[in-house]
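The values are calculated or read from the model by the stated rules, or taken from the named source; none is laboratory data. Source: prediction; values computed, not measured. In this analysis, Cβ positions are derived from the backbone assuming ideal geometry, glycine residues included, and neighbour counts consider all displayed protein chains. Note: areas computed on protein heavy atoms with side chains; ligands, DNA, RNA excluded. Shrake-Rupley method; radii C 1.70, N 1.55, O 1.52, S 1.80 Å.
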Amino acid sequence: MALPAVRFTDERLPNGLRLVMSEDHLAPVVAVNVWYDVGSKHEVPGKTGFAHLFEHVMFQGSAHVGKAEHIALVQAAGGTMNGTTWLDRTNYYETMPSHQLELALWLEADRLGSLLDALSQENLDNQRDVVKNEKRWSYDNRPYGTWNEKLQAHLFPKEHPYHHPTIGSMADLDAASLEDVKEFFRTYYAPNNAVLAIVGDFEPERARDWVERYFGGIPANPSIPRLGNLSLPAVIGKERREVVPDRVPLPRIYFGFRAPPFGDVRLDALEVGSHILAGGRGSRLYRRLVRDERIAQDVTLFALGFVGGASIAAGWATVRPAVTIERVESAFLEELEKFGREPVTDDELARARALVESEELASLGRVEERADRMAMYATLFDDPDLINRQLGRYLAVTADQIRDVAREVFRPDNRVVLTYVPAEPPADEAANAEEIPQDEEIAA
Amino acid sequence: MSVELVAQRPTSGTPRRYEFPPFERHRLPNGLTVLTVEMPGRPLVSASLILRNGASDEKPAEAGATVLAARALSEGTERYDAIALVEAAERLGASLHAEAGWDATTAGVDVPAERLEPALDLLAEMVGRPTFPTAEVDRLREERLNDILQARADPRRRVEEGFVDTIYTPDSPYHRPSGGLRETVETLRPEILGGTHRRGLDPEQITLVVGGDLEGLDVPDIAERLFGGWVARPGSARPGPVVGRSAVPRRFVRLFDRPGSVQTEIRIGHVGLPRRIPDFHAVSVMSTILGGLFNSRLNMNLREDKGYTYGANAGFDMRRGAGPFSARAAVNTEVTVPSIREMLAELGRLRQEPVTAAELSAGRDFLVGVFPLRFETPGPVVGALAGLVVHDLPDDELSRYRPALEAVMIDDVQAAATAHIDPDRAAIVLVGDAERIASELETGDFGPVEVVPAEEEAGT
């Protein structure tokens, strides 16, 4: 089955704002998604967690919008919204009933144009407390909750901006000043650093008029600093291991590897391969560790794509009671090693392709996801049309490409192994990360 | 550098007409119901088979059997072993799944339209001819026992389990997790799971819902071929009444000690409501104002005003019987007592004072406006129809949802709050560091404080 082609327009306002629009009148819904080319990788030591704290501040009002009123107006209009921050970017989005598109555009423009008019110490302090509670809830008070932070720190050297997690540190959050926030805004929040995607049930001519009317008067920042060269060696150099005592009943082993950057066809191959290794109950790791040998409670493996030098391939297995950690680790690694030695079978590849195809069909069925993807492809690769080609790239992956990338990535000298073991309470930090790490959101 | 913005807020355009997608009802000669929803332009079709054996109908000694039986459906059938079944589904690009909740067992598949029939064939095989192989059931049972251990260690799951165990009497199934307790799960064997599953295998009680771009597909005809031969199995049964009785005569605090916790997980609430109630729409608006919107009273107070939490919310979990009502937040340990005080005050204020006109329209307009957004793709549409089946609601329930919300007024909201929220008979259930908060809780005037020690925790 072929996905229906996504037709879109791609243009720039004089102030540099990139506007990508795509009509789809199936449902009375329209999605607005603004991507800013700024993420936690733009943070400097001592100011970690800043991009995300700032995202919260973006909901605290602007010249014509009161504190928390942005969300109130969107919800009262029957819409949904959120903001998310991740290593490479920050985005803000609204999904609206189609007749409320203009409101979403006006709200996004007002905060881009006038955030600092409304910013106060009180609001900053309030959101700092909220974010600290977000960190406690999502990481510090959860079983295994520190793994993501630890993997990043092991996989990337101290001087690389992927070394620290997006949520930041408590000390840095405490130190964030009003002036820091203002400076961050003036530097990165400019129309020429943003992509605005509009997808769904709307008239492009009217939408373009609105965009010009609301965003057109916001000046560009001609001097947005560019990040230096973030390239890295393909492997970390030697195996790194850490044992983490935590308040957990079952040990869990996390594996992390440096992987090819997002956009590289080798990462496509790794993603298709991770379906075959751990993409469900028919996958190799699940079959062997969970079903046949019954040594693990669960297994997982996935790639997190980043554009700045290297991505992360990560996975874990939870060790069943009365099974040794060593046995689970060696079975897991044996499967990875085999993956780099022999090509997958035709049937395995065909099943993975069919699943990837259905997954793409499911996610691209929603205008919200389509807007997000087009803004992402425009921001990270200057190529919104990737929305029409990415599935083809996945389907073109061959068994040899999967074997080759597995051999490059799953090497002992590119491996981080974190072993969470039960500790006597109280532990300082604890917690259950059943899910894949998420970007940081404004609201749970 | 001058910025030119438009101060004037835009007004809304004209809403496009929206109707929940119409569905057709068919009945196979053996009594099985088929609902089809045509959604042009949606090539990924969603199908769900709804069996009316939920966890609330299982014997207390077999608690967890329904959930485990649903998980075991894909572990082997008369024609396929587990691997062959999952591989056959994957070749179709189909995700085949089955799960059970309090009210039903649901098995379903999402698949591109042109492969619907072979996917439904696998669904029929999985639900109609499971074999519950002993070795696989043993494994799933052990996995569930391990999951029970894991849940104890996770404050979010611990507080939910502690809350329902506190508010319901032990003769109510809702006092336990739907997945069962250690002592009951340990006894589950293939014959028990088989018996549990057969409770739902009466075609008169089964509904197949299929939604998506169905052009060129005769779904009732396909269903007749695949499900038309099903007959009621011995032991099949209709769902019975569910006991949902409160174990909280007056307010008290139960704190599950978790030394070293940096936050306290808070649940405040009591036995709530079943889904089938006359004032459903008023309750929906009321709980949206209290704790559903981002700008709800709880979230604005605890998060945006005080910064105590990443988020506070509240709601009714409506089931066939009276599910729980709770207000929820995870707060910084130091502010546990003030947080509880604010939450109780918000519950009381909703009863005592009418909501403002602005609050009413915020809550109502959100629910009305967001309704079409929820049903963009087939999966949620099929899910909503499954809800009608499970709760025996009329066919026009979804099309009258928005007009019924529009008719809710300020008095209705207050009446719903007064009738269904009672902070004086609420349990306050916490997971947190007793050493840091127990004595302050005693002074809080919240009612008696009971601390469940951490050692006891570990031993259960």
Is it the case that the stretch A:106-113 has a residue that's at the interface with chain B (Cβ under 10 Å from one of its Cβ atoms) and open to solvent by 20 Å² or more (accessible area, probe 1.4 Å)? no
Only residues that are modelled with pLDDT of 95 or more, surrounded by 21 or more Cβ atoms within 10 Å (Cβ to Cβ) and farther than 21 Å from B:N146 by Cα: list them for the stretch A:274-288, please. A:S274, A:H275, A:I276, A:L277, A:S283
Can you name the condition, by its number, that B:L385 falls short on among (1) free of Cβ contacts under 8 Å to residues at least 24 places away in the same chain; (2) more than 30 Å from B:A330 (Cβ to Cβ); (3) of a type in the set (A, V, I, L, M)? (1)
If I ask for residues that are part of a loop (DSSP other than H, G, I, E, B) and either within 29 Å of B:P40 (Cβ to Cβ) or open to solvent by 20 Å² or more (accessible area, probe 1.4 Å) (or both), which ones from the stretch A:16-41 would you list? A:D24, A:H25, A:L26, A:A27, A:P28, A:D37
Among the listed residues A:T95, A:T85, identify the single one that is under 30 Å from A:Q152 (Cβ atoms), under 27 Å from the mean Cα position of the chain (by Cα) and buried (at least 23 other Cβ atoms within 10 Å of the Cβ). A:T85
Against the conditions (1) among the polar types (S, T, N, Q); (2) more than 8 Å from every other protein chain (Cβ to nearest Cβ); (3) closer than 30 Å to B:F371 by Cβ, where does A:Q100 fall short? Just the number, please. (2)
Within the stretch B:290-311, identify whether any single residue is surrounded by fewer than 24 Cβ atoms within 10 Å (Cβ to Cβ), more than 9 Å from every other protein chain (Cβ to nearest Cβ), assigned to a loop (DSSP other than H, G, I, E, B) and charged (D, E, K, R), and answer yes or no. no
Of the residues in the stretch B:136-173, those that are in contact (Cβ under 8 Å) with a residue 40 or more places away in the chain, within 14 Å of chain A (Cβ to nearest Cβ) and closer than 30 Å to B:G260 by Cβ come to B:R144, B:L145, B:R152, B:P155, B:R156, B:R158, B:V159, B:E160
Selected residue (criterion: farthest from the other protein chains (Cβ to nearest Cβ)) from residues of the stretch B:319-335 that are surrounded by fewer than 24 Cβ atoms within 10 Å (Cβ to Cβ) and farther than 26 Å from B:T169 by Cα: B:E334
Anything in the stretch B:6-21 that is surrounded by 10 or more Cβ atoms within 10 Å (Cβ to Cβ) and within 18 Å of A:L101 (Cβ to Cβ)? List them, or say none. B:V6, B:R9, B:P10, B:S12, B:G13, B:P15, B:R16, B:Y18
Please state which one of B:A427, B:A434, B:A454 is closer than 27 Å to B:I277 by Cα and either small (G, A, S) or in contact (Cβ under 8 Å) with a residue 60 or more places away in the chain (or both). B:A427
For residues that are acidic (D, E) and away from chain A (no Cβ under 14 Å), tally how many sit in the stretch B:57-96. 4
Do we have any residue at all in the stretch B:112-135 that's in contact with a strand residue (DSSP E or B) (Cβ under 8 Å, 6 or more places away or on another chain), within 30 Å of B:L273 (Cα to Cα), crowded, with 21+ Cβ neighbours inside 10 Å and within 12 Å of another protein chain (Cβ to nearest Cβ)? no
Restricting the stretch B:22-41 to residues that are within 14 Å of another protein chain (Cβ to nearest Cβ) and open to solvent by less than 20 Å² (accessible area, probe 1.4 Å), the residue that is farthest from the chain's Cα centre (by Cα): B:M39
Residue ranges of helices (runs of 4 or more DSSP H) in the stretch B:380-443 with at least 3 members among the hydrophobic types (A, V, I, L, M, F, W, C) and not assigned by TED's automatic domain parsing to the domain that holds B:N53: B:410-420, B:434-442
Among the numbered conditions (1) open to solvent by 20 Å² or more (accessible area, probe 1.4 Å); (2) within 11 Å of another protein chain (Cβ to nearest Cβ); (3) at negative phi, tell me where B:T264 comes up short. (1)
Answer yes or no: is there a residue in the stretch B:156-168 that is over 21 Å from the mean Cα position of the chain (by Cα), surrounded by fewer than 21 Cβ atoms within 10 Å (Cβ to Cβ) and part of a helix (DSSP H, G or I). no
Inter-residue pairs, beta-carbon under 7 Å, first touching a residue at least 40 places away in the same chain (Cβ under 8 Å) and not assigned by TED's automatic domain parsing to the domain that holds B:I268 and in the stretch B:289-307, second part of a helix (DSSP H, G or I) and open to solvent by 20 Å² or more (accessible area, probe 1.4 Å), 6+ apart: none
Which of the residues that make up the stretch A:305-346 are within 14 Å of chain B (Cβ to nearest Cβ) and either open to solvent by less than 50 Å² (accessible area, probe 1.4 Å) or in contact with a Ser or Thr (Cβ under 9 Å, 6 or more places away or on another chain) (or both)? A:W316, A:A317, A:T318, A:V319, A:R320, A:V323, A:V328, A:V344
Does the stretch A:398-419 contain any residue that is open to solvent by 20 Å² or more (accessible area, probe 1.4 Å), β-branched (V, I, T) and modelled with pLDDT of 95 or more? yes
Across the stretch A:42-74, what is the number of residues that are open to solvent by less than 20 Å² (accessible area, probe 1.4 Å) and within 13 Å of chain B (Cβ to nearest Cβ)? 13
Could you say which residue among B:L73, B:L96 is crowded, with 19+ Cβ neighbours inside 10 Å and more than 30 Å from B:V243 (Cβ to Cβ)? B:L96
Which residue out of A:R291, A:R366, A:R370 is facing chain B (nearest Cβ under 10 Å) and open to solvent by less than 50 Å² (accessible area, probe 1.4 Å)? A:R291
Any residue in the stretch A:125-147 that is more than 21 Å from the chain's Cα centre (by Cα), more than 9 Å from chain B (Cβ to nearest Cβ) and either open to solvent by less than 40 Å² (accessible area, probe 1.4 Å) or more than 29 Å from B:T264 (Cβ to Cβ) (or both)? no
Hey, B:R275 of a type in the set (K, R), in contact (Cβ under 8 Å) with a residue 60 or more places away in the chain, away from every other protein chain (no Cβ under 14 Å) and crowded, with 21+ Cβ neighbours inside 10 Å or not: no
Whether any residue in the stretch A:78-93 is farther than 29 Å from A:I312 by Cα and assigned to a loop (DSSP other than H, G, I, E, B) is what I want to check. yes
Given B:G240, B:G212, B:G235, which one is closer than 30 Å to A:P4 by Cα and not assigned by TED's automatic domain parsing to the domain that holds B:E334? B:G212
